[in-house]
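To keep things clear, I will list the structure first and then write my remarks on it.
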Amino acid sequence: MKHNIIIIGGGPAGYTAAIYAQRAGLQPLLFEGMLPGGQLTTTTHIDNYPGFDGGIDANALMSAMRAQAENLGAELRNGSVQKIERDGKDFILTLDGGESLLTKTVVIATGASAKYLGLESEERYKGLGVSACATCDGFFYRNRTVAVVGGGDTACEEATYLASLCKKVYLIVRRDVLRASEAMQQRVMGTENIEILWNCNTKEVLGDEYGVTGVRLVRKSGEEFEVALDGFFLGIGHHPNSELFTNVAKVDDKGYIITENGSTRTSTPGVFAAGDVQDSIYRQAVTAAASGAKAAMDVKAYLDNVYEKL
């Protein structure tokens, strides 16, 4: 059997692509991967997804998206795609169990993974004060004290955003300089409620049954000290989950899949990318969902106008 479209990834981009593709009559098959619902399921309450005046639980939102795609008739399966190979104008996908499938088009919607420090305590308090998205979770820390780890543009952007909401923001930097652009450094230095803790590494995130209460830091000199906090944010970047697809889609120097301006088309006809795997700037659930819709529409146009001519 040859599929019209196979979607790889079960986050906002993948589920929305499945919804639009099914409504277009393409009978999509979606593989949800190792984390159904995507990175969004690692947070808790979402206040900035349109349509929910009281916000919505992240897992509830993803469950609703999944159910909508399934109820419309899209086929959703567990498992991961391990390899894509071209077969003329079609593609052969090899699954983690060894099964091979043939499809006319592929939508890559595998997202990006936030980089963490790798601390056991950090893992323990994910969703309970530990976050890798200030835009997603900063609202919950209005007039409270938080810390951001990192010294590059991402960390500085997170810190300045949080400073507009929070009473106090500590920026934890492991060196004695920032790696951020000069303009971003000036913004941080000029923000009164940001305090930079130079030459510091995080040893442990502190907390109780209710969540994060502070952080234990260690200076280069070996001195250890604690800082009381309400929230702990990671600003050390994201890693796009694109490694398996570089043979069919060009990536930039950070690993993000390159798409044609204004579309979801990649460097290979018939291969499309949506969501955070191709978005290094916005990385929001709503923008991922929007690009999933665009991908399904791009696939439909490709199948109608290009595929048979190849």
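The values are calculated or read from the model by the stated rules, or taken from the named source; none is laboratory data. Model, not experiment: these values are computed from the prediction. No Cβ is skipped: glycine too gets one built from the backbone with ideal geometry, and neighbour counts run over all protein chains shown.
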Return yes or no: is GLY190 more than 18 Å from GLY237 (Cα to Cα) and either under 24 Å from the mean Cα position of the chain (by Cα) or among the charged types (D, E, K, R) (or both)?
-> no
Would you confirm whether any residue within the range 118-128 is assigned to a loop (DSSP other than H, G, I, E, B), modelled with pLDDT under 90 and not assigned by TED's automatic domain parsing to the domain that holds ASP57?
-> yes
Any residue in the range 229-238 that is farther than 11 Å from VAL130 by Cα and at pLDDT 95 or above?
-> no
Name every residue in the range 263-310 that is part of a helix (DSSP H, G or I), more than 20 Å from the chain's Cα centre (by Cα) and within 20 Å of LYS250 (Cβ to Cβ), in order of residue number.
-> ASP298, VAL299, TYR302
Can you find a residue in the range 130-144 that is modelled with pLDDT of 95 or more and assigned to a helix (DSSP H, G or I)?
-> yes
Please tell me if ARG187 is in a loop (DSSP other than H, G, I, E, B) and either surrounded by 16 or more Cβ atoms within 10 Å (Cβ to Cβ) or assigned by TED's automatic domain parsing to the domain that holds GLU122 (or both).
-> no
Options VAL212, VAL271, VAL218; residue that is buried (at least 17 other Cβ atoms within 10 Å of the Cβ) and in the same structural domain as ASP153 (by TED's automatic domain parsing) | VAL212
Please give the strands (runs of 3 or more DSSP E) falling wholly within the range 1-90 in which 1 or more residues are polar (S, T, N, Q) and buried (at least 16 other Cβ atoms within 10 Å of the Cβ).
-> 2-8
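Table: residues versus (1) more than 27 Å from GLU308 (Cβ to Cβ); (2) out of contact with any Pro (no Cβ under 6 Å at 6 or more places or on another chain); (3) not β-branched (Val, Ile, Thr).
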position: LYS2; (1), (2), (3): no, yes, yes
position: GLY10; (1), (2), (3): yes, no, yes
position: ASN48; (1), (2), (3): yes, yes, yes
position: LYS83; (1), (2), (3): no, yes, yes
position: GLY97; (1), (2), (3): yes, yes, yes
position: LEU101; (1), (2), (3): no, yes, yes
position: LYS104; (1), (2), (3): no, yes, yes
Qualifying residue in the range 232-239 (condition: surrounded by fewer than 19 Cβ atoms within 10 Å (Cβ to Cβ) and without any contact (Cβ under 8 Å) to a residue 60 or more places away in the chain) | no
PHE225 being out of contact with any helix residue (DSSP H, G or I) (no Cβ under 7 Å at 6 or more places or on another chain) and outside any loop (DSSP other than H, G, I, E, B) = yes
Qualifying residue in the range 200-209 (condition: exposed (fewer than 13 other Cβ atoms within 10 Å of the Cβ) and among the aliphatic types (A, V, I, L, M)) | no
Since THR259 meets every condition but one in (1) buried (at least 23 other Cβ atoms within 10 Å of the Cβ); (2) closer than 29 Å to ALA60 by Cα, which condition does it not meet?
-> (2)
Going through the range 292-306 in order, the residues found to be within 24 Å of GLU85 (Cα to Cα) and in contact (Cβ under 8 Å) with a residue 40 or more places away in the chain are GLY292, ALA295, ALA296, MET297, VAL299, LYS300, TYR302, LEU303
